[in-house]
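Peer 1: Sharing a structure, written as structure tokens. Questions coming.
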Amino acid sequence: MKFFRFLAISVFIVSIMNSCKKDPENPWNIEIKNPVSKVEVTDISKELYDLNIPLENFKQKYPWFQGTVPDEDFAKRRADANEAKIYREAISKIDVPKLNTELADLFSHIKYYYPQFKEPKVFLYSSGLQGIMEPIFYQPEQNMLFIDISAFMGENNLNYNGLENYFQKSMNPANILPKTSQTFAEFFVAKSFDHQKFIDELIYQGKLMTLQDAFLPDFPDNLKMNYTQDQYEWAKANEVNIWNYFVENNLIFSDDSRLIERFIKPGPFSKFYTEIDNESSPQIGIFEGWQICRKFFQENPKTKLQDFLKMNATEIFNQSNYKPKN
């Protein structure tokens, strides 16, 4: 099989086709009659590193922030010049009014599909790079959302020296909103741990990405995937080849747990075990699961989102009639 032989030509052709045709109507563009007008966003670290604010005053205002750290150690952290410097650089990268508007739009779309959802209080903070691998944390019991801004200072930021480049590609301010949306998608779509086959994982990931489409209908697709634009274009140009590889190697209904490592988990690239690996986009299984779910809605446009999320993987796959063609 001459896998990805015509990669460069394919990317060129897809780019030309996309520039010449009108995008189909986005089924997730809906009218929201009662949008969230404003989100309460609080910058905790602004006060944390302001030594003019007494520690006791800070503790009274944010009694849950210190955790179990003793006062003496917490005071030292407040006075840490390097951590304060990281915070100042991180917050300088964030357009807070724009983020407020984007979060209001995100919460409006979530409430449309989940009317019981109440927009959370949003807290920006800097972990001093300590929590950058999981920078978004949603605490539903207290209805709080935490965003670690030190995780979004931009690819190739000097503070990220030593961190693998493939992680840095999604550490830009533009990645805050899709990563926040993904956190809520994971909250609403419970993952079953009795998955036996690759198709189950593909569809689970596809469901999460479908919620990304629903929650962020006007947001760039590459950012929903934590991709660069080049990575997204590679995935689109090679969708047929990727799927053919899965089919010809009997991966779709395989129970090989190593497929998760190869095609789902973060990494510099996907692992086809071919000469093209280093050029491939990572987490390509998520991308394929997304395309299957998109095809499902093309075939079944009247299906309600909540009903779709309750369907099992085999039903969705069979009803999608997913067979990508050149």
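Peer 1: Could you identify the single residue in 252, 242 that is surrounded by fewer than 19 Cβ atoms within 10 Å (Cβ to Cβ), aliphatic (A, V, I, L, M), within 15 Å of residue 199 (Cβ to Cβ) and over 15 Å from the mean Cα position of the chain (by Cα)?
Peer 2: 252
Peer 1: So, one more: For region 254-283, which positions are over 17 Å from residue 164 (Cα atoms), assigned to a loop (DSSP other than H, G, I, E, B) and of a type in the set (Phe, Trp, Tyr)?
Peer 2: Once the filter is applied, which keeps residues that are over 17 Å from residue 164 (Cα atoms), assigned to a loop (DSSP other than H, G, I, E, B) and of a type in the set (Phe, Trp, Tyr), region 254-283 yields 272, 273.
Peer 1: Something else now. Only one of 286, 316 is closer than 18 Å to residue 259 by Cα, in a helix (DSSP H, G or I) and touching a helix residue (DSSP H, G or I) at 6+ places or on another chain (Cβ under 6 Å). Can you tell me which?
Peer 2: 286
Peer 1: If you scan region 267-297, which residues turn out to be over 23 Å from the mean Cα position of the chain (by Cα) and among the polar types (S, T, N, Q)?
Peer 2: Residue satisfying the conditions is 274 alone.
Peer 1: So for region 290-305 (the condition being hydrophobic (A, V, I, L, M, F, W, C) and under 15 Å from residue 232 (Cβ atoms)), does at least one residue qualify?
Peer 2: yes
Peer 1: Follow-up question, since we're still on this one. Six or more apart or on different chains, Cβ atoms under 6 Å: show the pairs whose first residue is in region 225-248 and small (Gly, Ala, Ser) and whose second is surrounded by fewer than 21 Cβ atoms within 10 Å (Cβ to Cβ).
Peer 2: Taking only residues 6 or more apart or on different chains, the pairs are 237/10; 237/11; 237/14.
Peer 1: Now for a different question. Could we say that residue 200 is charged (D, E, K, R) and surrounded by 17 or more Cβ atoms within 10 Å (Cβ to Cβ) here?
Peer 2: yes
Peer 1: Further question: Quick one: residue 184 ticks every box in (1) in the same structural domain as residue 100 (by TED's automatic domain parsing); (2) of a type in the set (Phe, Trp, Tyr); (3) surrounded by fewer than 14 Cβ atoms within 10 Å (Cβ to Cβ) except a single one, so which number is it?
Peer 2: (3)
Peer 1: Follow-up. Residues being more than 13 Å from residue 33 (Cα to Cα) and basic (Lys, Arg): count how many of those fall in region 99-119.
Peer 2: 1
Condition check ((1) in contact (Cβ under 8 Å) with a residue 24 or more places away in the chain; (2) in a loop (DSSP other than H, G, I, E, B)) across all residues:
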| residue | (1), (2) |
| --- | --- |
| 100 | yes, no |
| 108 | yes, no |
| 111 | yes, no |
| 115 | no, yes |
| 147 | yes, no |
| 153 | yes, yes |
| 162 | no, yes |
| 171 | yes, yes |
| 180 | yes, no |
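Peer 1: Pull up region 289-313, narrow it to residues that are part of a helix (DSSP H, G or I) and charged (D, E, K, R), then point me to the one that is nearest to residue 223 (Cα to Cα).
Peer 2: Among those residues, the one meeting the criterion is 294.
The values are calculated or read from the model by the stated rules, or taken from the named source; none is laboratory data. Being a predicted model, the structure only gives us computed values, none of them experimental. Glycine also receives a Cβ, built like all others from the backbone with ideal geometry; neighbour counts cover every protein chain displayed.
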